[in-house]
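> Here it is, the structure in full.
The values are calculated or read from the model by the stated rules, or taken from the named source; none is laboratory data. This is a predicted model, so every value here is computed, not measured. Cβ placement follows ideal geometry from the backbone for every residue including glycine, while neighbour counts extend to all protein chains displayed.
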């Protein structure tokens with residue numbers, strides 16, 4: 001990880017001390033965040049396609065939440081957690097009404113990581 005990448009993450013609100021606790025060091029974080037980036041579209045499309053299967057949706061959104069939290073992507077983690085709780089409660093209305101806002105956050109994260117990647 002370059003110094004520019006490190007500074008970019010800090011400026012973007014990523015608490016590097018916290019993510020190091022999860023990933024071990026900044027090089028491992030770098031590898032994990034790039035892998036997350038590469039799979040995020042597929043992960044979200046799978047999630048979106050399971051909206052009508054709430055038990056499966058709950059599992060998938062839980063994974064998204066956990067991955068995002070590990071990487072310090074708090075906004076995405078918090079939104080995914082709301083979806084996790086709603087899906088576990090059988091609240092399909094919440095999921096359907098808020099899937100677009102979750103997708104918007106995924107797009108923000110893709111942009112953030114894409115910018116990071118290109119530094």
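> Are any residues in the stretch 19-29 part of a helix (DSSP H, G or I) and either over 15 Å from the mean Cα position of the chain (by Cα) or more than 18 Å from residue 118 (Cα to Cα) (or both), and if so, which ones?
19, 20, 21, 22, 23, 26, 27, 28 - these are the residues of the stretch 19-29 that are part of a helix (DSSP H, G or I) and either over 15 Å from the mean Cα position of the chain (by Cα) or more than 18 Å from residue 118 (Cα to Cα) (or both).
> So, residue 37, is that one exposed (fewer than 15 other Cβ atoms within 10 Å of the Cβ) and either more than 14 Å from the chain's Cα centre (by Cα) or not in a loop (DSSP other than H, G, I, E, B) (or both) or not?
Taking the combined requirement at face value, the residue does not satisfy it.
> Whether any residue in the stretch 11-32 is surrounded by 17 or more Cβ atoms within 10 Å (Cβ to Cβ) and either in contact with a strand residue (DSSP E or B) (Cβ under 6 Å, 6 or more places away or on another chain) or free of Cβ contacts under 8 Å to residues at least 40 places away in the same chain (or both) is what I want to check.
yes
> Given 90, 114, which one is part of a helix (DSSP H, G or I), at pLDDT 95 or above and loosely packed, with under 13 Cβ neighbours inside 10 Å?
Working: 90 fails: part of a helix (DSSP H, G or I).
One residue alone meets the criteria, 114.
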